[in-house]
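Report on the following structure.
Read-outs: derived from the displayed coordinates by stated rules, not from any lab. From a predicted model like this one, the values you see are computed outputs, not experimental measurements. Every residue, glycine among them, receives a Cβ derived from its backbone with ideal geometry; neighbour counts consider all protein chains shown.
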Amino acid sequence: LLLELLQLLNRESEFEEASIDYCVTYEVSPPAFVASKNKVTTAQEESPPPHADNGHFMMPTVIEGRSEKLILAIAAYAAQHKPAIIDCSQLMRVDFTAAGQLLTGLAPFTSQGAVIELHNVNHLVAALFNVMGLKDILRILPRKS
């Protein structure tokens, strides 16, 4: 599968290295490299979260895994808005790792004077943010209902 993938991506040098491993492991000659005739395209990167109709920064529905792009987008927004009001009305879930990254990623900006407020945070996400320590660097305003 790796050899086929490397052929598809037209990576001849990596294909040759993997071929040597294949040959040693299976004691069989690997297939020859044949450049792919199909053009490979990759998915476009996600655009940063849009601003809500009220001009506030809109958080995505789910925050999981690596969140560097989101942190940079929030920091850029916070640099232009005092206070930076982040609309979390669409935010449903944040995983533990991403919450930790938000804490470590946004702490330097708030220590330099940026004021960031999270509005309309659902109660479960607000509880996670409080436990993780985000309450110490951000103002968290849970939903009223």
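Ordered by the count of other Cβ atoms within 10 Å of each Cβ, fewest first, K82, K69 give K82, K69.
Our estimate of slack between V24 and R66, defined as 0.36 nm per intervening residue step minus the Cα-Cα distance, is 11.5 nm.
Can you compute the charge dipole magnitude of the chain about its Cα centre, using +1 on each Lys and Arg Cβ and -1 on each Asp and Glu Cβ, nothing else charged? Give it in debye, rounded to the nearest 20. For this selection, approximately 920 debye.
Say R0 is 25 Å: what FRET efficiency, to the nearest 0.05, do L141 and M92 get from their beta-carbon distance? Result of the calculation: an efficiency of 0.90. Remark: region 70-84, residue by residue, has Karplus-estimated 3J(HN,Hα) of 5, 4, 5, 5, 5, 4, 5, 5, 5, 5, 9, 10, 10, x, 7 Hz, where x stands for each Gly or Pro and the curve is 6.51 cos²θ - 1.76 cosθ + 1.60 at θ = phi - 60°.
Our estimate of slack between Q80 and F33, defined as 0.36 nm per intervening residue step minus the Cα-Cα distance, is 11.7 nm.
Given a Förster distance of 35 angstrom, what is the FRET efficiency for S111 paired with L8, based on the Cβ-Cβ distance and rounded to 0.05? According to the calculation, E is roughly 0.15. With K and R counted +1 and D and E -1, the other residues having a Cβ less than 15 Å from that of G105 yield a net charge of -2. Which log10 I(q)/I(0) values does the chain give at q = 0.17 Å⁻¹ under the Debye formula, counting every alpha carbon as one identical point scatterer? For the chain, the Cα-only Debye profile gives -0.84. Each residue in D87, D136, D95 was given a count of other beta-carbon atoms within 10 angstrom of its own, and listing them fewest first yields D136, D95, D87. Using just its DSSP H runs of length 4 or more, each adding -39500 (n - 2.57), the chain gives a mean residue ellipticity at 222 nm of -13000 deg cm²/dmol after division by all residues. Computed packing ranks the peptides 113-121, 22-30 as 113-121, 22-30, most packed first, by mean other Cβ atoms within 10 Å.
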